[in-house]
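Contents: one structure, followed by commentary.
The values are calculated or read from the model by the stated rules, or taken from the named source; none is laboratory data. This one's a predicted model, so the numbers in the text were calculated from it and none came from an experiment. Because the Cβ atoms are built from the backbone with ideal geometry, glycine has one as well, and the counts that use them run over all protein chains shown. Protein only, heavy atoms only, side chains kept; ligands, DNA and RNA dropped before computing areas. Shrake-Rupley method; radii C 1.70, N 1.55, O 1.52, S 1.80 Å.
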Amino acid sequence: MTYSAIVEILVIGNEILIGDIQDTNTSWLCRLINSRGGHVARGTMLRDDVDEIAAEVGRALDRGADVIFTSGGLGPTADDLTLSAVAKGLGLPLELHPEALRMVKEQYDKFHASGIMAQGGLNPGREKMAWLPRGSVPLFNPGGTAPGVLLRAGRTAIVSLPGVPSELKNIIESSLQEFMEQTFGDGGSLCKALRVRCNDESLLEPVLSKVVPRNPRVYIKSLASTVGMTPELDITLTVTGGEAGERTALLQEAVDELCRGLGEQGIGFREMA
């Protein structure tokens, strides 16, 4: 069985927790990580508080996460505290990183030359984005000004990314590709869904309570809908990690067993495309 990397996601920003901005980064990261065969163990929302962010980084390390993704708090303003908090959580100093400083300056110069920003060059707020925890590697941000940051702490990799969704995605899909390949390899996820002619999960429980324990590598979930909306509901079966042939075999075995159990209970179903 191929090992699945354990991932935690820390979403940082007061604007998330007061409801001004909806967090879409977590769902996007979860889909991506699951599709690569990783296992997201936890997602946490945090205010812009250095001590709390630092403590949560420490807790994630203690829980044994292989990768910690942070989202938000990399910008030039005083409330952008993520890198200071990561450094504090690991007991590291912040240092001005020459390559990160070059990235910041070149992006501001580019955006100024294209008329997007009023000034190019550097100022104290812009320089702030190039102060990284010691040992960090800056990740070029093709669509913004704040570099992402990759830092290794023992067996754990901490990846700090901007909160702007397009920038987070661009960094992962460009600057972080080598890391993603090394971490997740060719692992993947395989899923099937059954649509059952039953809208009462309690009637499915006698079947699921037998099938689920016998297929521990397969995540089996009935998806409830609003009562009265439809006479049907879906059951999804997902296998993450392992080799492609192993995933196929495990999934098909669980599907076959579930179908037999539904048939024995007189519950109609069909496989979804």
Problem set entry | the range 141-153 - residue that is open to solvent by 10 Å² or more (accessible area, probe 1.4 Å) and in contact with a helix residue (DSSP H, G or I) (Cβ under 6 Å, 6 or more places away or on another chain) and, of those, nearest to Arg59 (Cα to Cα) | Ala153
For this session: Check whether at least one residue in the range 113-128 is open to solvent by 50 Å² or more (accessible area, probe 1.4 Å) and assigned to a strand (DSSP E or B), and report yes or no.
Result: no
Seminar exercise, completed: Ser35: passes all of (1) touching a strand residue (DSSP E or B) at 6+ places or on another chain (Cβ under 7 Å); (2) among the hydroxyl-bearing types (Ser, Thr, Tyr); (3) at pLDDT 95 or above but (3)
Exercise. Restricting attention to the range 154-180, and to residues there that are assigned to a helix (DSSP H, G or I) and closer than 25 Å to Asp62 by Cβ, which single residue is nearest to the chain's Cα centre (by Cα)?
Worked result: Met180
Seminar exercise, completed: Residues of the range 24-46 being closer than 20 Å to Pro165 by Cβ and outside any helix (DSSP H, G or I), in sequence order, are Thr24, Arg36, Gly38, Val40, Gly43, Thr44, Met45, Leu46
Exercise. Given the structure, is Leu61 under 21 Å from Pro165 (Cα atoms), touching a residue at least 24 places away in the same chain (Cβ under 8 Å) and surrounded by 15 or more Cβ atoms within 10 Å (Cβ to Cβ)?
Worked result: no
Problem set entry | Number of positions in the range 87-112 that are of a type outside the set (Lys, Arg), farther than 30 Å from Ala55 by Cα and surrounded by fewer than 15 Cβ atoms within 10 Å (Cβ to Cβ) | 2
Exercise. When Glu232 is evaluated against the numbered criteria (1) open to solvent by less than 60 Å² (accessible area, probe 1.4 Å); (2) more than 32 Å from the chain's Cα centre (by Cα); (3) among the acidic types (Asp, Glu), which criterion, by number, is the only one it fails?
Worked result: (2)
Exercise. Which residue pairs have Cβ atoms closer than 9 Å, lie 6 or more positions apart in sequence or on different chains, and pair a first residue in the range 170-182 that is over 19 Å from Ile68 (Cβ atoms) with a second residue that is open to solvent by 70 Å² or more (accessible area, probe 1.4 Å)?
Worked result: Ser174/Phe140
Exercise. Given the conditions (1) open to solvent by 60 Å² or more (accessible area, probe 1.4 Å); (2) at pLDDT below 95; (3) farther than 30 Å from Leu139 by Cβ; (4) not β-branched (Val, Ile, Thr), and given that Gln182 satisfies all but one, which numbered condition is not satisfied?
Worked result: (3)
